[in-house]
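Colleague: Before anything else, here's the structure in question.
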Amino acid sequence: ARMYPETDVPPIQLSEEYLEGLRASLPELPEKKMERLIREYGLNRKLARQILDSEYAGLFEDVMRETGVSPIVVAVALTETLKALKRDGVPVENVGDGQLRELFVFLGSGETTKEAIPDVLAWLSRHEGATVREAVEGLGLGMLSERELLSVIDELIGENRVLVEEHGMGAFEGLMGRVMQRVRGRAKAELVSETLKKRLAELVG
């Protein structure tokens, strides 16, 4: 409780450079981080808040640096998808960060689709220590070739011949939903859409 400088301890001069170093090492404030997530990754405020409130904020940004997956797809998977699975009784706590990272790497490389995410996460949660590749193979979610996809489309067009005859290209929307349901997790929606439109155009003339 002395009221004068300690004579036995020399004063320490704090340089501006030292102070700047301290400022730079301070953790990012939550509100500033949320604004940055919105600005850099195009997340809406709700998703940005959910990421910050989750245990996956660091993993989210790691995945963004390592893969080309849509930030929105990653954010939704790490928040809303995991929460929905947990509500359904799926033990998602068994899925480790390494498996999550591997899943997004698979997604970025085109080896699986965003539609497969819930199924893969559920499978991994019940097979501790398994790889994403094992999950994809175990679920039969390997990607379809264009020929296989076309075969599925032709089969569904045949099953819905009346719809195509009556509506022509207007049958696209109804057929698109049916095709996606049948190829869930095994073909990208963009490829399905392009292939289906092309096939319908050929049939309609």
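The values are calculated or read from the model by the stated rules, or taken from the named source; none is laboratory data. Values in this document were obtained by computation on a predicted structure and should not be read as measured data. Just so you know, the surface numbers come from the protein's heavy atoms only, side chains and all, with ligands and any DNA or RNA stripped out. Shrake-Rupley method; radii C 1.70, N 1.55, O 1.52, S 1.80 Å.
Colleague: For the range 55-205, take the convex hull of the Cα atoms, compute a quarter of its surface area, and give me that in nm², please.
Modeller: 9.7 nm²
Colleague: If eta is 0.890 mPa s and T is 25 °C, what Stokes-Einstein diffusion coefficient results for the range 22-72, Kirkwood Rh from Cα pairs, in µm²/s? Mind showing how you got there, number by number?
Modeller: Values: Rh = 11.5 Å.
Answer, rounded: 213 µm²/s.
Colleague: As a quick test, which of the pairs LYS46/LYS197; LYS114/LYS197; LYS32/LYS86; LYS83/LYS114; LYS46/LYS114 have an alpha carbon distance above 24 angstrom in this structure?
Modeller: LYS46/LYS197; LYS32/LYS86
Colleague: Report relative contact order for the chain in percent, whole number only (criteria: Cα-Cα under 8 Å, sequence separation at least 6).
Modeller: It comes to 15 percent, rounded to a whole number.
Colleague: Can you list the aspartates and glutamates whose alpha carbon is less than 12 Å from that of LYS33, not counting same-chain residues fewer than 8 positions off?
Modeller: ASP53, GLU61
Colleague: Would you mind working out the accessible area per residue for the chain, using a 1.4 Å probe, and quoting it in Å²?
Modeller: 61 Å²
Colleague: What's log10 of I(q)/I(0) for the range 38-118 at q = 0.27 Å⁻¹, Debye sum over Cα points only, no solvent?
Modeller: Ignoring solvent entirely, the Cα scatterers give -1.55.
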